[in-house]
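Everything on this sheet refers to the single structure shown next.
The values are calculated or read from the model by the stated rules, or taken from the named source; none is laboratory data. Predicted model only: the values in this text are computed from it and were never measured. In this analysis, Cβ positions are derived from the backbone assuming ideal geometry, glycine residues included, and neighbour counts consider all displayed protein chains.
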Amino acid sequence: MGYQWGAIQARKYEYIYFSPVVGGLPGSANKYEIDYWASCDKAGAQWLAQHYQQYTTKHNPSVQGITYFEQLIMLYLPGNFHVDTQQPDFYVAPTWENGASSAYRVIHVESSENVPLCVVEAKD
């Protein structure tokens with residue numbers, strides 16, 4: 001049952017499945033690069049699309065992500081968003097990217113099996 005349950009839980013992020021022999025995803029999180037393709041960005045951007053108005057009153061908010069991945073994030077955001085790599089209102093990236101800066105706060109964490117994969121941050 002352990003393998004089957006782990007496979008079912010990891011279905012959203014199939015390629016980040018780790019065998020129970022190495023501790024599953026929770027046991028592997030600090031040992032291996034987990035979401036190296038940043039597939040969690042999609043879920044983070046979709047969450048932001050539904051909740052951004054709670055964090056800004058701007059009509060045309062800006063976003064930043066991993067360099068060269070911003071256009072992938074934009075696929076899941078409303079058309080009023082634009083990319084700003086200098087002073088964005090929001091930042092969406094996998095946890096291995098280490099966040100935007102101290103001027104931002106985490107407003108959402110996308111995770112699998114209680115392992116953080118992606119964060120959405122808002123400028124303070």
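Taken over region 43-64, the residue count meeting the criterion of being assigned to a loop (DSSP other than H, G, I, E, B) and under 12 Å from the mean Cα position of the chain (by Cα) is 0.
For region 57-74, state whether one or more residues are hydroxyl-bearing (Ser, Thr, Tyr) and in contact with a Leu (Cβ under 8 Å, 6 or more places away or on another chain). Scanning region 57-74 turns up no residue that is hydroxyl-bearing (Ser, Thr, Tyr) and in contact with a Leu (Cβ under 8 Å, 6 or more places away or on another chain).
Figure legend. Inter-residue proximity from region 61-83: first residues closer than 13 Å to Pro94 by Cα, second residues hydroxyl-bearing (Ser, Thr, Tyr), beta-carbon distance below 9 Å, spacing 6+ or different chains. Indicated pairs: Gln64/Thr85; Gln64/Tyr91; Gly65/Tyr91; Thr67/Thr85; Glu70/Thr85.
For (1) aliphatic (A, V, I, L, M); (2) under 22 Å from Ser28 (Cβ atoms), each residue gets a yes or a no:
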site	(1), (2)
Thr56	no, no
Gln71	no, no
Leu75	yes, no
Gln86	no, no
Ala93	yes, yes
Ser102	no, no
Glu110	no, yes
Val120	yes, no
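You will find that of Tyr68, Tyr76, the residue that is under 21 Å from Trp96 (Cβ atoms), in a loop (DSSP other than H, G, I, E, B) and at pLDDT 85 or above is Tyr76 and no other.
For the structure I just gave you, tell me whether Gln50 is in contact with an Asp or Glu (Cβ under 7 Å, 6 or more places away or on another chain) and either surrounded by 11 or more Cβ atoms within 10 Å (Cβ to Cβ) or modelled with pLDDT of 95 or more (or both). Against the criterion (in contact with an Asp or Glu (Cβ under 7 Å, 6 or more places away or on another chain) and either surrounded by 11 or more Cβ atoms within 10 Å (Cβ to Cβ) or modelled with pLDDT of 95 or more (or both)), Gln50 does not qualify.
You will find that of Lys12, Lys58, Lys31, the residue that is charged (D, E, K, R) and modelled with pLDDT of 95 or more is Lys58 and no other.
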